[in-house]
Amino acid sequence: MVRIKDSELGKKAVLRGITMSPYKVRRVLDQVRGRTYRDALLLIEFLPYRAMIPILKVVYAAGANAKNNFGLERAELYISNAWVDQGPKMRRFRPRAQGRAFPIMKPTCNITVFVKSK
């Protein structure tokens, strides 16, 4: 369990219900954690993974929240904490032979990104 101070709670962004495996998102998010805001945006933009699109949106949103709600400069921000949680699985059914149905579980995930000033 990660402990977050009350003063840091507003400097975050959360994206919920992404139809993607949390393992695939975590692979990209591990490379971003601890980097400066601008370095993270540059790195994410050129990664060859599909998970970079929602992560880019969350990092942009976290920077915008820190700027608009707390008056912090984006150049002084860094990604202090970031994690991916597993969301509910979407259940779909594929028709099979002799009238049977085979369940397909489509995973979803929630991305949380915290930023801090240097």
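Structural remarks
- Portion, in percent, of the accessible area of the chain that falls on carbon or sulfur, probe 1.4 Å: 51 percent
- Put a plus charge on the Cβ of each Lys and Arg, a minus charge on the Cβ of each Asp and Glu, and nothing anywhere else: the dipole of the chain about its Cα centre is then about 700 debye.
- Options [x] 10.8; [y] 8.7; [z] 14.6 - which one matches mean projected area of the Cα convex hull in nm² as calculated here: [y]
- Accessible surface of F70 - all protein chains present, 1.4 Å probe, nearest 10 Å²: 90 Å²
- Residues in the chain average 65 Å² of solvent-accessible surface per residue, probe 1.4 Å, ligands and nucleic acids excluded.
- Neighbourhood net charge (9 Å Cβ-Cβ; Lys/Arg +1, Asp/Glu -1) for Y37: +1
- The count of lysine pairs in the chain whose Cα atoms are under 20 Å apart, excluding pairs fewer than 8 places apart on the same chain, comes to 19.
- Distance from the C-alpha centroid of segment 84-118 to that of segment 38-78: 24 Å, rounded to the whole angstrom.
- For the chain, the relative contact order comes to 38 percent (Cα pairs under 8 Å, sequence separation of at least 6).
- Only one residue of I55, I18, N81 has its Cα farthest out toward the positive end of the dipole of the chain, where Lys and Arg carry +1 and Asp and Glu -1 on Cβ, and that residue is I18.
The values are calculated or read from the model by the stated rules, or taken from the named source; none is laboratory data. Quick caveat, the model's predicted, so the values are computed rather than measured. Cβ atoms come from the backbone with ideal geometry, glycine included; neighbour counts cover every protein chain shown. Heavy atoms of the whole protein, side chains included, go into the accessibility calculation; ligands, DNA and RNA do not. Shrake-Rupley method; radii C 1.70, N 1.55, O 1.52, S 1.80 Å.
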